[in-house]
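Visitor: First, the structure itself, so that you have it in front of you.
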Amino acid sequence: MEAQVLAVLHSANGPATAGWVQEHLDGDLAYTTVITILSRLYAKNAVTRSREGRSYTWTSASDEAGLAALRMRRVLDGERDRDAVLAHFISALSPGDEERLRALLARAAAPDDPGEPAGPGGLRDPSDPGNSPDPEGR
């Protein structure tokens, strides 16, 4: 249901009310159910909301690619053995997608500016001596 709500919200031409989302969903979800789903998506940072009078308008927090990445991350977060899941995922990639992934990982690992930290979220790995402010790695 979350994916359906996100898809409908993403199709809106700007912020949408829960009532608008409900009208554009396939099926007959109750208004309170739509509000519950939107609230859960808000808690997961998948949507944003703005106060409009006594209610909210809702906006998708990402484009289609970002929403797909969010779904992929949720699946991965639900698994105990992340290494095994990632290994199976990589082994199932087509050669073209594998090359794309390698290029994206290389780009993400390379700092834009030598003075900037590299890595996910721009964080330095304190266990990596190359990330120490001391040239001797201390």
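Just so it is clear, none of the values below were taken in a lab; they were calculated from the coordinates. Because the structure is predicted, anything quoted here is derived from the model rather than measured. Note that each Cβ is placed from the backbone with ideal geometry, even for glycine, and that neighbours are counted across all protein chains shown.
Visitor: Placing +1 at every Lys and Arg Cβ and -1 at every Asp and Glu Cβ, with all other atoms neutral, what dipole size does the stretch 21-76 have around its Cα centre, in debye to the nearest 20? Each step should come with its number before you reach the end.
Guide: Numbers: 8 positive and 6 negative charges, 87 e Å.
The calculation lands at about 420 debye.
Visitor: What is the sum of charges around W20, taking Lys and Arg as +1, Asp and Glu as -1, for the other residues whose C-beta is under 14 Å from the C-beta of W20?
Guide: Values: positive: R49; negative: E23, E52.
For residues surrounding W20, the net value is -1.
Visitor: Is the stretch 18-60 best put as rounded, prolate or oblate by its Cα gyration tensor, with a ≥ b ≥ c the root eigenvalues, rounded for a/c under 1.5, and otherwise prolate when a/b is larger than b/c, oblate when not?
Guide: On the way: a/c = 1.87, a/b = 1.32, b/c = 1.41.
Note, shape of the stretch 18-60 comes out oblate.
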